[in-house]
Amino acid sequence: MALVTIDVVKGIFTADQKKDMIERVTEAMISVEGEAMRQVTWVKLNEIDHWAVGGRLLSPEIVHAQMAATPKAA
């Protein structure tokens, strides 16, 4: 059995993005251990209300601004 926990700032990702994240993480586990892992791979997504970096509380607005300022991967 595998339990994968993903922690994200609450209010950043849409329901579709969270679903996609969970599906991709599950597929990553299967790519390592094989199809038999599908039924025993649990993915838990925690949305954290209060998250800080360097003593600065993050909000969805701050994170979205940082994401917009970061160059997209090619």
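Results, tabulated for the structure shown:
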{"item": "Per residue value of the accessible surface for the chain (all protein chains in place, 1.4 Å probe), Å²", "result": "75 Å²"}
{"item": "Percent accessible area from carbon and sulfur atoms, the chain, protein chains only, probe 1.4 Å", "result": "58 percent"}
{"item": "0 to 90° range, to nearest 10: angle between helix 15-33 axis and the chain longest Cα axis", "result": "40 degrees"}
{"item": "His64 versus Arg24: modelled label distance in nm, points set 7 Å from Cα along the beta carbon direction", "result": "2.0 nm"}
{"item": "Magnitude of the charge dipole, the chain, Cβ model with Lys/Arg +1 and Asp/Glu -1, debye to 20", "result": "160 debye"}
{"item": "222 nm mean residue ellipticity, helices alone, for the chain (DSSP H n ≥ 4; -39,500 (n - 2.57); rounded to 500)", "result": "-12500 deg cm²/dmol"}
{"item": "Under 12 Å, Cβ to Cβ, from Glu47 - net charge with Lys/Arg +1 and Asp/Glu -1", "result": "+1"}
{"item": "14 Å beta-carbon shell around Ile22, net charge (K/R +1, D/E -1)", "result": "-1"}
{"item": "Between 0 and 90°, nearest 10: helix 60-69 axis offset from the chain longest Cα axis", "result": "90 degrees"}
{"item": "Residue-span extension gain [Gln39 to Val4] - 0.36 nm each, minus C-alpha spacing", "result": "11.3 nm"}
{"item": "Relative contact order (percent, whole number), the chain, Cα cutoff 8 Å, 6+ residue spacing", "result": "43 percent"}
{"item": "Amide H contacts under 5 Å for Val43, placed H, 5+ residues apart", "result": "Val4"}
{"item": "Antiparallel bridge percentage (DSSP; both residues within the chain; nearest 5)", "result": "25 percent"}
{"item": "The chain: Cα Rg divided by the 2.2 N^0.38 Å rule of thumb", "result": "1.33"}
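The values are calculated or read from the model by the stated rules, or taken from the named source; none is laboratory data. All values derive from a computational prediction rather than experimental measurement. In this analysis, Cβ positions are derived from the backbone assuming ideal geometry, glycine residues included, and neighbour counts consider all displayed protein chains. Protein only, heavy atoms only, side chains kept; ligands, DNA and RNA dropped before computing areas. Shrake-Rupley method; radii C 1.70, N 1.55, O 1.52, S 1.80 Å.
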